[in-house]
Amino acid sequence: MEETIYIRMRHRVQIRPHDTVYLRDVAQIIADEKILKKLQELAIYHVNEQDYNIIIIDVIKVIEKITAVVDKCQVQTVGPSQAIVEVIRKKKGVSIPFFILIWCLLFFGAALAIMYFHEDVAMQATQQRIYTIITGKVVDKPLLFQIPYSFGLGLGMVLFFNHVFRKRLNEEPSPLEVEMFNYQQDLDRYVSLTENKESMKRIDDD
């Protein structure tokens, strides 16, 4: 009687250099209790010096490994056909001078962008005109509008990005998080196609 094994490849897995990638790392498994432990401990790949930071594990290779150790089995796959294994190497510590430099560039760059926008749309002249219409007085600095507007601009940025430092205001993702997610999805698709040599066959390939 054939054993039916269900596997679902994980999307992305992190592992350290020189580690062995086991089936439990790259896939979720449903199988009979008699072979489940054996499958979980099944070695799929060993990270070596020639590997870079991204390794693609294809479901076909996984099925080959399973059928080699389990007789008379039927493997059913669910979900994605590949798992991206990211090799996490030792990270360098954060340089305080470099952090301060980047922070200053972002801070002053954002400030200049806001000032250029306000100058482009004549924000000061608009506020002066509104102040004159409401109060009947002509002033160079209508602080009655400028001060609340400045606080409102900062509050609007907080609400837009949905974060106060590391604290999230609600469960809804911010536009920046959505864009980062879309970028990561496109990057993963590109890596899956270019790093997996089995997904392409050129005319000169044997």
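Below, the figures for the structure above:
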item	result
Filter result for the condition that a residue is within 30 Å of Gln50 (Cβ to Cβ) and either touching a residue at least 24 places away in the same chain (Cβ under 8 Å) or not aliphatic (A, V, I, L, M) (or both), over Gln124, Gln146, Gln76, Gln82	Gln82
Segment 1-50, subset part of a loop (DSSP other than H, G, I, E, B) and touching a residue at least 60 places away in the same chain (Cβ under 8 Å), residue surrounded by the most Cβ atoms within 10 Å (Cβ to Cβ)	Arg10
Test result for Ile56, part of a strand (DSSP E or B), touching a strand residue (DSSP E or B) at 6+ places or on another chain (Cβ under 6 Å) and more than 16 Å from Val191 (Cβ to Cβ)	no
Members of segment 105-151 found to be under 24 Å from Glu179 (Cβ atoms) and not aliphatic (A, V, I, L, M), listed by number	Phe107, Phe108, Gly109, Tyr116, Phe117
Selection within segment 59-73 - open to solvent by 30 Å² or more (accessible area, probe 1.4 Å) and either in a loop (DSSP other than H, G, I, E, B) or closer than 14 Å to Arg8 by Cα (or both)	Ile60, Lys61, Ile63, Asp71, Lys72
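The values are calculated or read from the model by the stated rules, or taken from the named source; none is laboratory data. Fair warning: this is a prediction, and the values are worked out from it, not measured in the lab. Backbone-built Cβ (ideal geometry, glycine too); neighbour counts: all protein chains shown. Ligands, DNA and RNA are excluded from the accessible area calculation, which covers all protein heavy atoms including side chains. Shrake-Rupley method; radii C 1.70, N 1.55, O 1.52, S 1.80 Å.
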